[in-house]
Amino acid sequence: MTNMDKLHQAVAQRGPVCVGLDTDISYLPQEFLRSELTAGENIVRFNQAIVDATKGVAGCFKVQIAYYEALGLDGMMAYKKTLDYIKSTGVPVIADIKRGDIAKTAEMYAKAHFSGDFEADFITLAPYMGLDSIQPYMPFVEQGKGVFVLVRTSNPGAKDFEYEKLADGRHVYDMVGDKLHQMGLSCMGESGYSSLGLVIGGTHIEEATEIRARYKDSFFLIPGYGAQGGTAQDIAQYLSNGNGGVVNSSRGVLLAYKKQPGVEFAQAAYNECVTMKEAIQNACNLL
């Protein structure tokens, strides 16, 4: 069973919510901070509380490495401890690293994030340099690891490159998705999904049905819910019977306590995950 099979199973059991641990020290409640601890140590405590509260309603967790790199060695230790803690729960974890280099450099990135201190079940990749920026990760993918590669992103600047049209009428993102989908057919799992997943932003509702049908064998990592404008009704279009993808929410979960006065931050995070899960599942049931 591949990691993508396990993620598919986790979504079937607990729903498609992906809790993003893009944790900035400013997100922590003042009363939670302990002055004798470093920023990284306080972040680990916060992350562990979020994981404990939400692991029963999260399909997976995603850890954005930049928030930890910014704190230097203290932050990278917090990153490792966060990954280790998530792995101890058995819930799948995505390392959001968005690497995009080639050849030996990519081999080293693969080794760094698919083994050793920073090992994760999945990583994110950027394909701008071509398929040879993805190939060095495939030996690990063939052993069961998974990747999510940027195709159709949710940020406003996506229009600068991804929207551009080719001579054959396709957009650049269509070409990228088609090539990656074809590449992924070599690493299919028991669930019917490839271990090479796609990052598909949930803010392009006019294309959602077509994208889901076009890449029916690809598991999606779907950003854009909430803060970027994606609604449950939008997101449901990218899923397949409520599965086939995970829907990321970071600030919406981590800062949920600010919208729930008097509720402890971890409980507020749980409440937000349940609300999000139910909204998406209800939207899927209406399709």
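For segment 226-239, does any single residue satisfy the condition of being of a type in the set (A, V, I, L, M, F, W, C), touching a Gly at 6+ places or on another chain (Cβ under 7 Å), without any contact (Cβ under 8 Å) to a residue 40 or more places away in the chain and surrounded by fewer than 21 Cβ atoms within 10 Å (Cβ to Cβ)?
Narrowing segment 226-239 to residues of a type in the set (A, V, I, L, M, F, W, C): 227, 232, 235-236, 239.
Next, from what is left, pick out any that are touching a Gly at 6+ places or on another chain (Cβ under 7 Å): 227, 235, 239.
Add one more test, that the residue is without any contact (Cβ under 8 Å) to a residue 40 or more places away in the chain, and what stays is 227.
Filter once more, so that each one left must be surrounded by fewer than 21 Cβ atoms within 10 Å (Cβ to Cβ): 227.
Scanning segment 226-239 turns up at least one residue that is of a type in the set (A, V, I, L, M, F, W, C), touching a Gly at 6+ places or on another chain (Cβ under 7 Å), without any contact (Cβ under 8 Å) to a residue 40 or more places away in the chain and surrounded by fewer than 21 Cβ atoms within 10 Å (Cβ to Cβ).
Would you point out the residue of segment 134-150, among those that are of a type in the set (F, W, Y) and buried (at least 22 other Cβ atoms within 10 Å of the Cβ), that is nearest to T105 (Cα to Cα)?
If we filter segment 134-150 for residues that are of a type in the set (F, W, Y), which is where we start, we get 137, 140, 148.
In the following step, the residues that additionally are buried (at least 22 other Cβ atoms within 10 Å of the Cβ) were identified as 137, 148.
Numbers: Y137: 11, F148: 19 Å.
Among them, the one singled out is Y137.
Which of the residues that make up segment 1-53 are over 30 Å from S240 (Cβ atoms) and in a loop (DSSP other than H, G, I, E, B)? The answer is T23, D24, L28, P29, L33, R34, S35, E36, L37, T38. Report yes if G146 is under 24 Å from D234 (Cα atoms), touching a Ser or Thr at 6+ places or on another chain (Cβ under 9 Å) and modelled with pLDDT of 95 or more, otherwise no. Considered against the rule, which asks whether it is under 24 Å from D234 (Cα atoms), touching a Ser or Thr at 6+ places or on another chain (Cβ under 9 Å) and modelled with pLDDT of 95 or more, G146 comes out as no. Of the residues making up segment 107-149, those that are under 22 Å from V176 (Cα atoms) and either polar (S, T, N, Q) or touching a helix residue (DSSP H, G or I) at 6+ places or on another chain (Cβ under 8 Å) (or both) number 25.
Using the structure shown, decide if N271 is surrounded by fewer than 23 Cβ atoms within 10 Å (Cβ to Cβ), more than 16 Å from S154 (Cβ to Cβ) and under 15 Å from the mean Cα position of the chain (by Cα). Show your work before the answer.
Working: surrounded by fewer than 23 Cβ atoms within 10 Å (Cβ to Cβ): yes; more than 16 Å from S154 (Cβ to Cβ): yes; under 15 Å from the mean Cα position of the chain (by Cα): no.
Judged against the criteria, N271 is not a match.
When residues in segment 212-248 are screened for being among the aliphatic types (A, V, I, L, M) and over 11 Å from the mean Cα position of the chain (by Cα), 6 of them pass.
When F46 is tested against (1) surrounded by fewer than 22 Cβ atoms within 10 Å (Cβ to Cβ); (2) hydrophobic (A, V, I, L, M, F, W, C); (3) over 18 Å from the mean Cα position of the chain (by Cα); (4) at negative phi, only condition (1) is not met.
Name the single residue, out of those in segment 151-169 being out of contact with any Ser or Thr (no Cβ under 8 Å at 6 or more places or on another chain) and surrounded by 14 or more Cβ atoms within 10 Å (Cβ to Cβ), that is farthest from V141 (Cα to Cα).
First, the residues of segment 151-169 that are out of contact with any Ser or Thr (no Cβ under 8 Å at 6 or more places or on another chain): 151-153, 155-161, 163-169.
Next cut, surrounded by 14 or more Cβ atoms within 10 Å (Cβ to Cβ) only: 151-153, 158.
On the way: V151: 18, R152: 22, T153: 23, A158: 27 Å.
It comes out as A158.
Pairing each residue of segment 40-55 that is small (G, A, S) with any residue that is in a helix (DSSP H, G or I) and at pLDDT below 95, provided the two are 6+ apart or on different chains, yields no C-beta distance under 6 Å.
In segment 21-41, how many residues are small (G, A, S) and either at pLDDT below 95 or closer than 17 Å to K81 by Cβ (or both)? Before you say what the answer is, go through the steps one by one.
Filtering segment 21-41 down to residues small (G, A, S) leaves 26, 35, 39-40.
Keeping just the survivors that are either at pLDDT below 95 or closer than 17 Å to K81 by Cβ (or both) gives 39-40.
Summing the residues that are small (G, A, S) and either at pLDDT below 95 or closer than 17 Å to K81 by Cβ (or both) in segment 21-41 gives 2.
When each of A158, A120, A95, A106 is tested for being closer than 30 Å to V57 by Cβ, under 21 Å from the mean Cα position of the chain (by Cα) and without any contact (Cβ under 8 Å) to a residue 40 or more places away in the chain, the lone residue that passes is A95.
Which residues, counting only those in segment 21-43, are under 24 Å from L196 (Cβ atoms) and surrounded by fewer than 22 Cβ atoms within 10 Å (Cβ to Cβ)?
D22
Selection over segment 202-222 of residues that are modelled with pLDDT under 95, surrounded by fewer than 24 Cβ atoms within 10 Å (Cβ to Cβ) and part of a loop (DSSP other than H, G, I, E, B) gives a count of 2.
Of the residues making up segment 171-201, those that are over 19 Å from D217 (Cβ atoms) and surrounded by fewer than 18 Cβ atoms within 10 Å (Cβ to Cβ) number 2.
The values are calculated or read from the model by the stated rules, or taken from the named source; none is laboratory data. Owing to the predicted nature of the structure, the values given are computational and were not obtained by experimental measurement. Methodologically, a virtual Cβ is constructed for each residue, glycine included, from the backbone with ideal geometry; neighbour enumeration extends over all protein chains shown.
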